[in-house]
Amino acid sequence: MDETKWQRLMSIDPSGLTELQKRNLVDRLKRRVTFIKHKSNGRTYARIYYLNLSEDAIHYQGSSHRSKHEACKIKDIDQVRSGFTTTVWKRYLRKGKITNDKIHLAFSILYDNNRHSLDLLADSEEIRSQWIQGLEYLIGRYRSHVRSHYEITDRWLWSMYSEADHDHSGHLNRREVRRLLFLLNIELDEREIDQYFNQANIRRDNYDELRNLDKDEFISFYKFVSYRPELIKILCQYNSSTPKQLADFLAKYEVISTLSHANPLSQPPDVLSNSCWRSSSKSQPSNAQPRPKIRKKTGTSRSPSLTKTVHDNNYLTVEQFQKFLQKEQHMRDVTIEDCSKLIAKFEPSDEGSTCEEIGVDGLRLFLLHDEFCLMNADKAHRVYQDMTRPITDYFIATSHNTYIRDSQVYGDCTPETYIHALRTGCRAVEMDCYDGEDGEPIVYHANTWTRAITLHEILFAIETQAFAVSPYPLFLNIENHCSYEQQGVMARHLKRIFKDRLLTEPLRSKVNQLPSPEDLKYKVLIRSRRNPKGKLPADPKSNRSNDETEPNPKSYHPEFAKLIIYAQIVSFTNIEHTMSTQKCIHSISFKESKADDLIEVNSPEHLDMIKLTSKHLVRVYPGTKRQDSSNINPMTYWTYGVQMAALNYQKNDESMCLQYGFFSDNGGCGYLLKPSFLLSDNPTFDPKNAVQRKAKRITIQVISGQHLPKEKNAPNDSDISDPYVEISTYGIEVDSTKHRTPAVRNNGLNPIWNYKCH
């Protein structure tokens with residue numbers, strides 16, 4: 001097996017913590033503690049904060065101590081920082097409302113793409129440290145995808161159990177079980193509830209025990225409800241089943257995955273009984289009575305009514321697991337020894353690990369590993385493309401009006417949005433610079449209600465994260481609206497803050513083509529206009545203008561102008577003029593309407609756009625009508641070779657999802673080499689052609705899901721989900737398709753679609 005792949009699969013928890021230490025960290029956060037909350041409006045409140053039982057959100061108690069509110073979800077947290085680092089804290093310091101002697105007690109939770117912060121003051125440095133360490137562990141655990149069997153089943157289920165136990169009796173009656181199923185986002189009829197309740201209820205000493213489930217019985221009940229026939233199918237296909245046994249099970253699997261739009265729990269009980277679970281030793285009932293066995297080594301069965309179809313089909317031996325990996329996962333070189341180690345890592349039951357067998361739970365955990373995500377893990381975790389070509393040969397992750405937190409017309413300008421963009425792989429950020437008071441340049445969106453911030457605050461924030469994610473060059477796209485004097489201040493700030501990382505001279509005396517990302521590693525490049533003194537560029541506010549730079553500068557300060565080396569913005573007349581008169585160091589900016597005009601012309605003139613982007617850096621940015629910070633479709637411009645399709649990173653929309661997915665390739669470094677058909681000197685590629693020479697056909701099968709949230713993630717929503725999956729492909733027009741699976745009625749817990757699209 002490939003050594004790098006093996007290391008990722010067997011990687012040790014990066015936290016370096018023992019299970020006991022992890023548990024202690026999380027438990028400390030569940031103990032309610034009082035923090036002083038500092039709001040952006042200058043008000044402070046004492047609030048009690050704690051981690052909720054399901055360990056997925058921070059909650060707090062309001063002033064009445066009866067009202068409970070969600071502060072933020074763990075999945076939405078971007079960073080946890082100590083000290084006075086956020087805009088809110090700096091405002092308190094500036095106004096003298098807090099002093100630096102409290103810095104050891106302060107910390108901030110930044111969430112929602114760094115747009116918001118929860119700024120808290122602890123009673124002691126120890127409490128602050130415990131919360132920072134605990135939150136960082138929870139964030140890492142969420143992002144790792146793979147969580148232990150104990151974390152994603154028993155612990156989570158026990159928190160759900162406690163929430164459903166309204167009378168705090170330590171048991172669940174049928175009414176409480178129905179309520180819990182509602183929270184689990186699944187609807188069952190009374191017959192089904194009775195069946196699973198009775199199968200799980202193994203304490204039969206008295207009437208009260210017959211009417212209630214204890215915690216261990218509830219674990220069994222959950223396993224009945226969360227039946228995974230699609231995983232059982234895999235086990236059946238690769239273990240030693242006879243052809244007849246396999247045919248019997250697959251026939252029943254097809255019934256389950258097709259009737260009632262694939263809600264397995266709407267099927268007759270005898271269909272559902274054909275499976276079993278190897279149970280983790282952690283969840284074995286201490287008072288359990290002997291139950292029917294599948295085989296000596298497999299633990300408890302799923303139900304007393306098992307047929308012979310899959311009696312021995314609920315696990316894979318190490319040899320069968322090797323066969324599965326070689327055929328399905330394309331791990332051709334995996335050895336028996338490798339498989340033994342993988343089983344030891346992923347199989348949660350002591351029994352399975354000892355016998356070197358992997359069951360349903362182990363297989364599920366294995367397949368959820370990052371290594372088997374849709375994105376090729378080898379290409380997502382390292383830079384593998386040739387990074388020595390001219391920088392015009394690459395797509396570059398680019399942000400538009402990076403300083404804006406909300407819409408384009410109101411809200412605070414903040415350095416936190418730069419930190420968020422850079423931490424997600426962005427390599428070209430933007431700032432609109434104007435004259436500020438006291439000789440300090442400021443950044444804001446002119447003629448709007450956005451609140452300005454000083455340029456040096458933004459530059460300091462950028463400097464801390466400039467190369468934290470990627471070593472490849474970072475572009476600062478500066479709209480220069482400053483006076484001659486404050487341009488000089490801008491230049492001095494840039495030199496002082498970025499020091500030797502700021503590119504101040506060409507790498508070579510003669511420039512026939514732009515340097516490569518490799519040549520410009522760890523360099524900050526300024527992209528702006530460098531007109532001679534007195535020369536006026538085009539008015540960017542005119543209709544369908546291509547210019548995004550200052551409308552009427554009087555002169556350019558030489559200190560600032562000297563910093564604009566490989567990305568000098570020039571005015572655009574037409575493509576022929578640019579190609580014949582401009583040098584490779586000259587860059588073009590297009591408003592989306594102008595770029596669309598150039599693309600929408602008749603064939604073959606639209607191909608001139610590809611010629612332009614082969615020689616010059618081109619940036620396309622959203623038009624002024626997008627005041628809500630909505631985004632352009634970057635794919636439209638990538639297909640014509642545009643390097644910088646600028647997006648509003650604060651917007652969690654379809655375009656940003658596409659951006660994140662696109663740039664997750666090549667190690668997430670923010671640079672992607674253009675495909676060969678956009679690099680050829682004699683291109684034959686035409687994005688408008690309905691037939692392409694080297695077309696490939698892709699088939700996607702959507703099998704199943706588990707634990708899907710209700711709409712707007714509201715567990716108390718009265719409506720049970722009818723989930724479906726939409727699959728979209730993006731590219732040139734002929735490649736852009738959308739498919740949708742049938743909906744699964746009333747089952748967000750474990751829907752099966754088994755749907756193929758081509």
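The values are calculated or read from the model by the stated rules, or taken from the named source; none is laboratory data. Just so you know, these numbers come straight off a predicted model, no measurement behind them. Note: ideal-geometry Cβ built from the backbone for every residue, glycine included; neighbour counts use all protein chains shown. Protein only, heavy atoms only, side chains kept; ligands, DNA and RNA dropped before computing areas. Shrake-Rupley method; radii C 1.70, N 1.55, O 1.52, S 1.80 Å.
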### Query
Given a 1.4 Å probe and every protein chain left where it sits, what share in percent of the accessible area of the stretch 383-536 is carbon and sulfur?
47
### Task
Using the heavy atoms of the protein chains and a 1.4 angstrom probe, tell me the accessible area per residue for the stretch 700-757 in square angstrom.
56
### Summary
Plugging the Cβ-Cβ distance of residue 684 and residue 448 into 1/(1 + (r/R0)^6) at R0 = 51 Å yields, to the nearest 0.05, a FRET efficiency of 0.65
### Task
Could you work out how far apart the two model spin labels at residue 719 and residue 179 are, taking each label as a point 7 Å from the Cα in the direction of the beta carbon, and quote it in nm?
2.4
### Message
Tell me the carbon and sulfur percent of the accessible area for the stretch 631-758, rounded to whole percent, probe radius 1.4 Å.
### Response
50
### Sparsely packed trypsin sites (Lys or Arg not before Pro) within the stretch 560-618, loop by DSSP, other Cβ within 10 Å at most 15
562, 583
### Task
Could you work out how far apart the two model spin labels at residue 354 and residue 327 are, taking each label as a point 7 Å from the Cα in the direction of the beta carbon, and quote it in nm?
3.0
### Query
Among rounded, prolate and oblate, which fits the stretch 341-449 when a ≥ b ≥ c are the square roots of the eigenvalues of its C-alpha gyration tensor, a/c under 1.5 means rounded, and a/b larger than b/c means prolate?
prolate
### Summary
Whole-Hz Karplus couplings 3J(HN,Hα) for the stretch 419-434, θ = phi - 60° and coefficients 6.51, -1.76, 1.60, Gly and Pro as x, run 4, 4, 4, 5, 6, 9, x, 5, 10, 8, 10, 10, 8, 9, 9, 9
### Message
Less than 9 Å Cβ to Cβ from residue 408, Lys/Arg counted +1 and Asp/Glu -1: what total charge do the surrounding residues give?
### Response
-1
### Proximal charge balance of residue 739 [Cβ under 10 Å; K/R count +1, D/E count -1]
+2
### Computed lengthening from residue 734 to residue 31, 0.36 nm per intervening residue step minus Cα-Cα distance
247.5 nm
### Query
Under a point spin-label approximation (7 Å from Cα along Cα-to-Cβ), what is the residue 580-residue 103 distance to one decimal in nm?
6.1
### Query
Based on the alpha-carbon gyration tensor of the stretch 16-144 and its eigenvalue square roots a ≥ b ≥ c, which shape applies: rounded if a/c is under 1.5, prolate if not and a/b is larger than b/c, or oblate?
prolate
#### Entry: Average projected area [Cα convex hull, the stretch 700-757], square nanometres
4.5
### Task
Could you state how much accessible area residue 160 has, in square angstrom rounded to the nearest 10, with a 1.4 Å probe and all protein chains kept in place?
20
### Query
How many angstrom separate the Cα center of the stretch 338-373 from the Cα center of the stretch 675-704?
38
### Query
Summing +1 for each Lys or Arg and -1 for each Asp or Glu, what net charge is found among the other residues whose Cβ lies under 12 Å from the Cβ of residue 52?
0
### Task
Give a residue-ordered list of calculated ³J(HN,Hα) values for the stretch 34-42 (Karplus: 6.51 cos²θ - 1.76 cosθ + 1.60, θ = phi - 60°; whole Hz; x for Gly, Pro).
8, 10, 8, 8, 10, 8, 5, 7, x
